[in-house]
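Read through the structure below, which is laid out as structure tokens, and then see the notes.
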Amino acid sequence: MSYYVTTPIYYVNDKPHLGHAYTTVGADILARHMRQRGEDVFFLTGTDEHGESVVQAAEREGVTPRELADRNAVHFKELVSQLEVSNDFFIRTTDSEHVAVVQKFISQLHERGEIYSGTYEGWYCPNCGDFKSEKDLVEGRCPIHKVKLEREKEDNYFFKLSGYQERLEKFYHDNPDFILPKHRYNEALSFIKQGLEDVSISRSKISWGVPVPWDESQVLYVWFDALLNYVSALTYAADTDLSEKFWPATVHVMAKDILKFHAVIWPAMLMANDYELPEQMFIHGFLLMDGEKMSKTLGNIWDPIDVIDTYGADALRYYCFREVKFGQDGSVSTTGFETRYNTELANELGNLANRSLAMIDRYRDGRVPARPEGELDLAPQFGEDYVQRIRERFDREEISAALEDIWELVRTLNRYVEEQAPWKLAKDDAQSAQLDRVLYTLAEGLRTLSILLYPYLPATSIKLLGALGQEVDAPSLDAAPLGVGEGGQKVGDLPPLFPKLESNGD
Ligand code: MSP
């Protein structure tokens, strides 16, 4: 089966921050898990390079929009690789192939009579790249970016969104899981039910964008160009056109700020040109710092590269999805990060792995005991059903809940070591079979863990599997249930997975 997952494409008006990293890693966790299931995965991320916010930022910096886009696209690309993100393609909306697909799509809409010319007037937020309705404003400012908005009026082209109200309502009715979590589905549907107005799809004031094919005095409104990235990328990401194989997308991942564009305008655009609609969208919350959305405009950002340099990508990936439940808002902080790093990664997981391997080394000459006869310890609780539950969570993109389930195994194994006290068993020859059973169970538990943690902690998982004497390439989920392993293999060295770091005190 094919599985196509996307992130939003990010604006290049500035460098990336942790909020962008969060979405991209979330999508990566899904992509890696699905590859473990044997799905044929295509994972897309990239940059949104047109629009007024890029023009304004370029002006501030005294460079052209293209120069700014080239400079910042590099930062987004670097972040992707530093985060160990396994995307299959990185799209830039300035790619000529993308521009060609957009122009073709929009011309077709025009030919079909879905576009007409008119006058638009409204409150415009350059950071959102969008007009705001009167009721959204907070003291004349954008509710998200807090910048003062200006009244703008211009002649441009409109898309007949109002004509899609009924079809969209029917589609929502027929597809109750179209948007997850459910309250975001309800939010989108109620927006549709309030009545849809036609939307302006072009701009005459700026020239940085995709030219409207039949009227080169205008460029397309950045959102119309941007949303089409999900379709255009498939046409040129590989030597062959991947559209047949991967469209419709399986899941678009994003935060709630861009729900309306994806849940209302995007499906209508696709319907208007007879495309199939994406199967699902997952809408997560905001990473907050000091109670506010982390954002470039507010300036309360964390540079993910700093964290990766100190703690490694895996720790950052873990922290984000443990601390901020996928689907909800949540605060992040340096102290919160250090606490989770030390207690959960270094102590609970790292120590468990190191001491278990050390005991196998010491008591059994570095060889995992063979699977014991009869019922296995912990296998009933962490066997097939457990792995199945995690699969089902992933079907609904519940990656934080799945991580909690996985951590239950970490904690259970820690309790198991303490209860069984292998160091005592080792002193008594009569307990030799029991010691075998305990060491097998520990090795098995770690093997299960490293397979299940692979989407979250890819580098750690590979190290751990290697030390456990296992195949290390994209470990299949079929092998995950505890007790599947036969044992008998040699274990190797494992340097501390998460070396303890002293807090620098600030
Ligand atoms: N270019 C548009 C998206 C077009 S998609 C066809 C855009 N870009 S953006 O750079 O502003 O990125 C918005 C997205 O970045 C959010 O939807 C979310 O995925 C991510 N985040 C940005 N800040 C974030 C937080 N503080 N917290 C969580 N996610 C954040 O909108």
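Looking at G285, Y124, I106, which one has the Cα that reaches farthest to the positive end of the dipole of the chain (charges on Cβ: Lys, Arg +1; Asp, Glu -1)?
Farthest towards the positive pole: G285.
Contour minus end-to-end for A358 and A370, with contour as 0.36 nm per residue of separation and end-to-end as the Cα-Cα distance?
Between A358 and A370, full extension yields 2.6 nm more.
If all Cα-Cα distances of region 97-244 are sorted into 5 Å bins from 0 onward, what percent lands in each bin, rounded to whole numbers?
Final binned percentages: 2, 8, 14, 16, 19, 19, 14, 6, 2, 0, 0.
Using only the Cα atoms of region 1-50, construct the convex hull and provide its projected area averaged over every direction, in square nanometres to one decimal.
Result: a mean projected hull area of 3.5 nm².
Taking 37 °C and 0.692 mPa s as the conditions, I'd like the Stokes-Einstein D for region 14-172 in µm²/s, using the Kirkwood hydrodynamic radius from alpha carbon pairs.
173 µm²/s
Could you please state, rounded to a whole Å, how far the C-alpha centre of region 3-22 is from the C-alpha centre of region 382-445?
Centre-to-centre distance over Cα atoms comes out at 36 Å.
Placing unit charges on C-beta atoms (Lys and Arg positive, Asp and Glu negative, everything else neutral), compute the dipole magnitude of the chain about its Cα centre in debye, rounded to 20.
680 debye
With N residues in region 345-457, what two-decimal value do you get for its Cα radius of gyration over 2.2 N^0.38 Å?
Rounded to two decimals, the normalised Rg is 1.12.
Taking the Cα centre of region 177-245 as the origin, how large is its charge dipole in debye, to the nearest 20, when only Lys and Arg (+1) and Asp and Glu (-1) carry charge on their Cβ atoms?
The dipole magnitude comes to about 360 debye.
For region 193-245, count all C-alpha to C-alpha pairs, find those more than 18 Å apart, and express that count as a whole percent of the total.
So the pairs more than 18 Å apart make up 51 percent of the total in region 193-245.
Just going by the charge dipole of the chain, with Lys and Arg at +1 and Asp and Glu at -1 on Cβ, which of I390, T45, A353 is farthest out on the positive end?
In the chain, that residue is A353.
Would you mind working out the magnitude of the charge dipole of region 206-276 relative to its Cα centre, with +1 at each Lys and Arg C-beta and -1 at each Asp and Glu C-beta, to the nearest 20 Debye?
340 debye
Would you mind checking the tilt of helix 96-111 against the longest principal axis of the Cα atoms of the chain, expressed as 0 to 90 degrees and rounded to 10?
50 degrees
Where both residues lie in the chain, what percent of DSSP beta bridges are antiparallel, nearest 5?
50 percent
From the mean inverse distance of alpha carbon pairs (Kirkwood) and the Cα radius of gyration, derive Rg over Rh for region 452-506.
1.09
May I ask you to derive the relative contact order of the chain, considering only C-alpha pairs under 8 Å and at least 6 residues apart, and to give it as an integer percent?
16 percent.
For region 309-386, report the % of Cα-Cα distances exceeding 14 Å.
75 percent
For every helix of n ≥ 4 consecutive DSSP H residues, a contribution of -39,500 (n - 2.57) applies; sum these over the chain, divide by its total residues, and give [θ] at 222 nm rounded to the nearest 500 deg cm²/dmol.
Rounded to the nearest 500, the figure is -13500 deg cm²/dmol.
Give me the Kirkwood hydrodynamic radius of the chain, using the inverse of the mean 1/r over all pairs of distinct Cα atoms, in Å to one decimal.
24.7 Å
Suppose a student asked you for the relative contact order of region 1-158, using Cα pairs under 8 Å spaced at least 6 residues apart; what percent would you report?
Relative contact order of region 1-158: 22 percent.
Report the dimensions of region 232-334 along its three principal axes from the alpha-carbon atoms, largest first, rounded to Å.
Each principal axis gives a Cα extent; for region 232-334 these are 48, 31, 24 Å.
For region 234-277, what number results from the quotient of the Cα radius of gyration and 2.2 N^0.38 Å?
1.32
Length gain on complete extension for the stretch K205 to K245, per 0.36 nm per residue less the alpha carbon to alpha carbon distance?
10.5 nm
Among G19, Y172, G336, flag the residue with its Cα farthest along the positive direction of the charge dipole of the chain, charges on Cβ as +1 for Lys/Arg and -1 for Asp/Glu.
Ranked along the dipole, the leading option is G336.
We did not get these values from a lab; they are worked out from the coordinates using the rules stated. In this text, all values refer to a predicted model and were calculated from it rather than measured experimentally. Cβ coordinates were reconstructed from backbone atoms using ideal geometry, including for glycine residues, and neighbour counts include every protein chain displayed.
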